[in-house]
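Notes follow the structure.
The values are calculated or read from the model by the stated rules, or taken from the named source; none is laboratory data. In this text, all values refer to a predicted model and were calculated from it rather than measured experimentally. Heads up, the Cβs are rebuilt from the backbone with ideal geometry, glycines too, and the neighbour counts pull from every protein chain shown. Please note that ligands, DNA and RNA were not included when accessible areas were found on the heavy atoms of the full protein model with its side chains. Shrake-Rupley method; radii C 1.70, N 1.55, O 1.52, S 1.80 Å.
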Amino acid sequence: QVQLVESGGGLVQPGGSLRLSCAASGRTYSTYSMGWFRQTPGKDRDFVATINWSSGSTYYSDSVRGRFTISRDNAKNTVYLQMNSLKREDTAVYFCAARPIRGLAVEASQYDYWGQGTQVTVSS
């Protein structure tokens, strides 16, 4: 099992920045890639970004590419999501996810482990 705990959400004005963190514990040696997803009420969980744990390769959704950056700190077993130039439409609950399979994935169903989520609200 892998446990994931997100932090760093909050309220920010449009154009502002936030950094989300996702700390992994447990059988982290079995984690090959991690991702961030977001969800608004009544909608499916949408892909945001993903990173390969060992190589550091990344992939982003079109809606956040150029504004968000996913990174990882292997020593701390932590993945980050730096969010810049935030827009109102970025408001959502953000979830961290992990999968024990090599290769980047953009579907929520491809991930085995999930955090509890952290709320991000972009509003003036």
If I filter region 105-119 down to residues being outside any loop (DSSP other than H, G, I, E, B) and touching a residue at least 24 places away in the same chain (Cβ under 8 Å), which single residue comes out as surrounded by the fewest Cβ atoms within 10 Å (Cβ to Cβ)? 119
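Here is a check on your reading of the model: is residue 122 under 12 Å from the mean Cα position of the chain (by Cα), touching a residue at least 40 places away in the same chain (Cβ under 8 Å) and surrounded by 15 or more Cβ atoms within 10 Å (Cβ to Cβ)? Show your work before the answer.
On the way: under 12 Å from the mean Cα position of the chain (by Cα): no; touching a residue at least 40 places away in the same chain (Cβ under 8 Å): yes; surrounded by 15 or more Cβ atoms within 10 Å (Cβ to Cβ): yes.
It is false that residue 122 is under 12 Å from the mean Cα position of the chain (by Cα), touching a residue at least 40 places away in the same chain (Cβ under 8 Å) and surrounded by 15 or more Cβ atoms within 10 Å (Cβ to Cβ).
Where in region 1-91 are there strands (runs of 3 or more DSSP E), lying fully within it, with 3 or more residues that are not small (Gly, Ala, Ser)?
Numbers: elements: 2-7, 10-12, 18-26, 33-39, 46-52, 58-60, 68-73, 78-83.
Those strands (runs of 3 or more DSSP E) span 2-7, 18-26, 33-39, 46-52, 58-60, 68-73, 78-83.
Can residue 28 be described as more than 17 Å from residue 2 (Cα to Cα), over 11 Å from the mean Cα position of the chain (by Cα) and touching a residue at least 12 places away in the same chain (Cβ under 8 Å)?
Working: more than 17 Å from residue 2 (Cα to Cα): no; over 11 Å from the mean Cα position of the chain (by Cα): yes; touching a residue at least 12 places away in the same chain (Cβ under 8 Å): yes.
No: the conditions fail for residue 28.
Mind telling me which of the residues 71, 61, 17, 57 ends up being loosely packed, with under 15 Cβ neighbours inside 10 Å, under 18 Å from residue 110 (Cα atoms) and of a type in the set (Ser, Thr, Tyr)? Can you show your working first?
Working: 71 fails: under 18 Å from residue 110 (Cα atoms); 61 fails: loosely packed, with under 15 Cβ neighbours inside 10 Å; 17 fails: under 18 Å from residue 110 (Cα atoms).
Just one listed residue meets the conditions, 57.
Is it the case that region 96-104 has a residue that's at pLDDT below 95 and part of a strand (DSSP E or B)?
Here is the first cut: in region 96-104, the ones at pLDDT below 95 are 98-104.
Checking which are part of a strand (DSSP E or B) leaves us with 98-99.
The answer is yes; a qualifying residue exists.
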Just to check your reading of the model, which residue among 91, 78, 31 is at pLDDT below 95 and closer than 19 Å to residue 120 by Cβ? 78
Residue within region 8-24 that is within 23 Å of residue 102 (Cβ to Cβ), touching a residue at least 40 places away in the same chain (Cβ under 8 Å) and not small (Gly, Ala, Ser) present: yes
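Select from region 78-104 the residues that are of a type in the set (A, V, I, L, M) and within 17 Å of residue 53 (Cα to Cα) and write down the one among them that is most open to solvent (accessible area, probe 1.4 Å). Spell out how you get there, then give the answer.
Here is the first cut: in region 78-104, the ones of a type in the set (A, V, I, L, M) are 79, 81, 83, 86, 92-93, 97-98, 101, 104.
So of that shortlist, the ones also within 17 Å of residue 53 (Cα to Cα) come out as 79, 81, 97-98, 101, 104.
Working: 79: 1, 81: 0, 97: 0, 98: 0, 101: 86, 104: 71 Å².
This residue is 101.
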